[in-house]
């Protein structure tokens with residue numbers, strides 16, 4: 001092996017190490033929902049948006065040295081490395097900026113450029129190259145908790161998937177396990193709707209055995225034990 005070839009291979013190994021290290025660091029600095037989406041993924045899935053990040057996944061039949069994605073709006077000059085979790089799923093969390101509506105991209109798997117096999121949307125650029133395409137859904141407003149609608153009050157908790165979440169308060173004599181909040185399957189979003197008379201109520205959540213006030217409700221007070229609880233008022237029309 002000549003010195004030139006050896007130098008090129010050494011440079012490639014160093015760059016690959018830097019890219020993979022960057023992927024790991026990126027994966028460690030994410031929100032709770034992104035963290036669970038990364039660590040719990042068992043299979044590759046179509047692109048989705050979680051907490052203002054585009055989430056791309058890839059999984060083949062073997063371990064790959066490098067999986068990345070390059071975007072058209074960056075002129076394909078940057079290859080963003082995927083992070084691989086313990087289930088062998090390669091994942092990229094790409095931060096979205098204001099004004100983005102449609103992203104066109106290609107995957108790079110061990111040097112091979114390809115479309116995303118988990119995304120059926122395709123476009124063809126001016127050079128005749130087929131790209132994967134993803135339309136960013138319109139951003140929804142922040143969830144409300146509690147929310148009064150249809151003669152009921154709906155409480156909501158956002159957490160990890162598969163948790164045990166309960167709500168208790170003045171309305172049920174602080175019985176901690178009377179009302180379990182049900183998860184919208186696979187989302188980490190839990191809710192419980194109760195028909196309550198008009199009045200002011202204090203309440204808290206129990207999440208996997210830990211008591212806490214409602215993170216989505218800024219109105220706080222103290223419960224009978226001097227601990228922080230959430231508070232809300234049901235208008236008389238209910």
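Values in this text are rule-based calculations from the coordinates and carry no lab data. Given the structure is predicted, the values throughout are model-derived calculations rather than measurements. We place every Cβ from the backbone using ideal geometry, glycine too, and count neighbours over all the protein chains shown.
In table form, for the structure just shown:
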| read-out | value |
| --- | --- |
| Extension gain (nm, one decimal) between residue 42 and residue 100, 0.36 nm per residue minus Cα-Cα | 18.0 nm |
| Two-site FRET efficiency, residue 62 against residue 114, from Cβ-Cβ distance with R₀ of 22 Å, rounded to 0.05 | 0.90 |
| For 49, 109, order by how many other beta-carbon atoms lie within 10 Å, fewest first | 49, 109 |
| Ranking of 113, 174 by count of other Cβ atoms within 10 Å, fewest first | 113, 174 |
| nm² value of the averaged projected area, convex hull over the Cα atoms of region 147-234 | 5.5 |
| Sorted by Cβ density within 10 Å, fewest first, the residues 193, 198 | 198, 193 |
| For the chain, Kirkwood radius (reciprocal of mean inverse C-alpha pair distance, Å) | 21.1 |
| The chain: angle of helix 3-28 to the longest principal axis, Cα-based, in degrees nearest 10 | 10 |
| Relative contact order, percent, the chain [alpha-carbon distance under 8 Å, six or more residues apart] | 13 |
| Computed E for residue 160/residue 73 - FRET, C-beta separation, R0 41 angstrom, nearest 0.05 | 0.80 |
| Residue 86-residue 148 pseudo-label distance in nm [points 7 Å out on the Cα-to-Cβ vector] | 4.6 |
